[in-house]
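Notes follow the structure.
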Amino acid sequence: MLGYQSRPPDPVLVGERWKKMSLHRLDNEPFLMAEWLSHQRRDEFWKHGSICEDFSAVEVSAVEFPALVIAGWADGYRNTPLAAVEGMPENAKALIGPRIHKYPHFVWSKPRRDFIGETIAWWNRWLRDEKTGADQLPQVRTYILDGVKPQPHRSEAPGFWIAKERWEEPEVISFAVGAAGALKLGVPSTHAPAKSGLRQISARYGHGFR
């Protein structure tokens, strides 16, 4: 983040002022990491600007804005798109790819998405009232990854795209892993010894997602 913030402005945009502006930026650049490390839990420092803390606490009239939330399964913000469609079901749409935290039109691994086309259609629909069809998109579009072995680099992520017209509360299936390492359906026994090695794993599946 510090590297991004410290970059000089583009001379094409600001002209000959770029060097003076760049030096001023470097002289006044805050070291955000020090402040972030002083808040290593989700305290009020992080919560104050997060609508996801409690969607129900916000008046509906204040949340009536369209939101196209784009992320990837390898993104640090991968939970955000589904949290948005759950918290604002009438206003949010999610697009989740196999990517990391990069723009989806040039990211590795492929497949990519037409990020520019998606966003222009969205903005033209809601800012210019043009009939682009963006409001008719399925509520959730996502890429389902096939199982692959870990690799240092992968140019293509095997899988397939799916779409869900309306998001529904996911089903939850619980599994338990025994001391021998075998996976079984159900929750750990409440009478199991404290050091039995049992632990619970919950998997969430969207009902009718495929």
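The values are calculated or read from the model by the stated rules, or taken from the named source; none is laboratory data. Note that this is a predicted model, so its numbers are computed, not measured. Note: ideal-geometry Cβ built from the backbone for every residue, glycine included; neighbour counts use all protein chains shown.
Yes/no matrix, rows are residues, columns are (1) in contact (Cβ under 8 Å) with a residue 12 or more places away in the chain; (2) small (Gly, Ala, Ser); (3) out of contact with any helix residue (DSSP H, G or I) (no Cβ under 8 Å at 6 or more places or on another chain):
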| residue | (1), (2), (3) |
| --- | --- |
| Gly3 | no, yes, yes |
| Gly15 | no, yes, yes |
| Lys19 | no, no, yes |
| Ser22 | yes, yes, yes |
| Glu29 | yes, no, no |
| His39 | no, no, no |
| Arg42 | no, no, yes |
| Asp54 | no, no, yes |
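On the basis of being surrounded by 11 or more Cβ atoms within 10 Å (Cβ to Cβ) and touching a Cys at 6+ places or on another chain (Cβ under 8 Å), does Ala83 make the cut?
Criteria met by Ala83.
With respect to the numbered conditions (1) at positive phi; (2) in contact with a Gly (Cβ under 8 Å, 6 or more places away or on another chain), which one is the sole condition not fulfilled by Arg99?
It is condition (1) that Arg99 fails.
Would you confirm whether any residue within segment 154-162 is basic (Lys, Arg), in the same structural domain as Pro98 (by TED's automatic domain parsing) and exposed (fewer than 14 other Cβ atoms within 10 Å of the Cβ)?
Checked segment 154-162: no residue is basic (Lys, Arg), in the same structural domain as Pro98 (by TED's automatic domain parsing) and exposed (fewer than 14 other Cβ atoms within 10 Å of the Cβ).
Go through segment 111-129 and report how many residues are surrounded by fewer than 17 Cβ atoms within 10 Å (Cβ to Cβ) and either on the phi < 0 side of the Ramachandran plot or touching a strand residue (DSSP E or B) at 6+ places or on another chain (Cβ under 6 Å) (or both).
Here the count works out to 12.
Could you check segment 171-210 and list, in sequence order, the residues that are under 30 Å from Ala92 (Cα atoms), of a type outside the set (A, V, I, L, M) and at pLDDT 80 or above?
Within segment 171-210, Glu171, Ser174 meet the criteria.
Please go through segment 85-128 and give me each residue that is among the small types (Gly, Ala, Ser) and either in contact (Cβ under 8 Å) with a residue 24 or more places away in the chain or assigned to a loop (DSSP other than H, G, I, E, B) (or both), ordered by number.
Correct list: Gly87, Ala92, Ala94, Gly97, Ser109.
Taking Thr132, is it assigned to a loop (DSSP other than H, G, I, E, B), in contact with a helix residue (DSSP H, G or I) (Cβ under 9 Å, 6 or more places away or on another chain) and buried (at least 16 other Cβ atoms within 10 Å of the Cβ)?
yes
Among (1) of a type in the set (A, V, I, L, M); (2) surrounded by fewer than 18 Cβ atoms within 10 Å (Cβ to Cβ); (3) farther than 22 Å from Glu168 by Cα, which single condition is Leu145 missing?
With (1) of a type in the set (A, V, I, L, M); (2) surrounded by fewer than 18 Cβ atoms within 10 Å (Cβ to Cβ); (3) farther than 22 Å from Glu168 by Cα applied to Leu145, the lone miss is (3).
Within segment 48-61, work out how many residues are over 17 Å from the mean Cα position of the chain (by Cα), at pLDDT 80 or above and among the charged types (D, E, K, R).
The number of residues fulfilling the criteria is 1.
Quick one: is Pro138 surrounded by 10 or more Cβ atoms within 10 Å (Cβ to Cβ) and either part of a loop (DSSP other than H, G, I, E, B) or on the phi > 0 side of the Ramachandran plot (or both)?
Yes: the conditions hold for Pro138.
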